[in-house]
Amino acid sequence: MTDTAVHARADEGSWLTSLMDMIVSLMEVIGPVGAGIAIALENLFPPLPSEAILPMAGLTASRGTFTLAEALIWTTLGSLVGAFALYGIGAWLGVDRLRRIAAKIPLLHPEDIDRTVAWFTRHGGKAVFFGRMIPIFRSLISIPAGVTRMPLWKFGLLTGAGSLIWNTIFVLAGFFLGEAWPIVERYADVLQYIVIAAVFVGVAWFLYVRIRSLLRQRGEPDPAAD
């Protein structure tokens with residue numbers, strides 16, 4: 001039914017093509033519940049591309065296998081299930097355990113965890129809502145929410161609202177564009193590359209600052225001063 005859409009991703013590797021074939025088959029066999037399961041797994045395994053799964057749900061809905069409303073409802077429910085699973089992991093880790101882990105990792109300090117928790121306590125609501133619409137972070141943002149024990153009702157409401165917006169954009173793209181949905185996915189890929197680049201720059205800057213600080217403490221010459 002959606003062979004053209006699936007094989008449009010063939011250039012990204014046989015494992016992903018096979019995976020997308022399985023997801024399409026899942027939706028064909030059990031309907032919109034299959035789309036919800038696929039999105040729940042995408043939250044837990046970020047390499048699964050929601051930018052491909054969601055348009056396929058929309059495309060399948062446009063062909064009458066299930067309704068557009070069912071596609072949106074089940075994909076949003078799937079997002080919530082995956083997000084709450086990651087929230088549980090964050091709650092299990094907790095602040096104390098993360099501080100102990102940070103103390104054992106070179107260039108990290110327990111105080112880094114404290115600062116992150118303090119920031120999330122102040123801005124966690126906005127982070128969860130908008131994070132659901134940012135590649136990579138849409139899954140990971142659930143973990144600090146669990147670490148800080150954000151109220152479950154608040155986490156669920158913000159996650160559901162942010163996920164519904166993100167899901168609607170891509171489900172509608174598949175519903176109205178049909179086999180041409182990869183056009184929208186290409187723009188989503190650009191956003192993902194920007195996010196990855198920003199994360200890389202942020203990590204590189206953190207390492208640079210932390211290493212300089214460590215060298216000063218040891219009394220060694222600062223390479224940046226040469």
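Values in this text are rule-based calculations from the coordinates and carry no lab data. A quick note: this is a predicted structure, and the numbers were derived from the prediction, not measured. Note: ideal-geometry Cβ built from the backbone for every residue, glycine included; neighbour counts use all protein chains shown.
What to note about this one:
- Segment 3-181 - Kirkwood radius from inverse mean 1/r over Cα pairs (Å): 17.0
- Charged neighbours of residue 162, selected by a Cβ distance under 12 Å, balance to +3 (K, R count +1; D, E count -1).
- Cβ-based net charge around residue 83, under 12 Å, with every Lys or Arg adding one and every Asp or Glu removing one: +1
- One chain, two ends: residue 200 and residue 140. Fully extended at 0.36 nm per residue, the span grows by 20.0 nm beyond their Cα-Cα distance.
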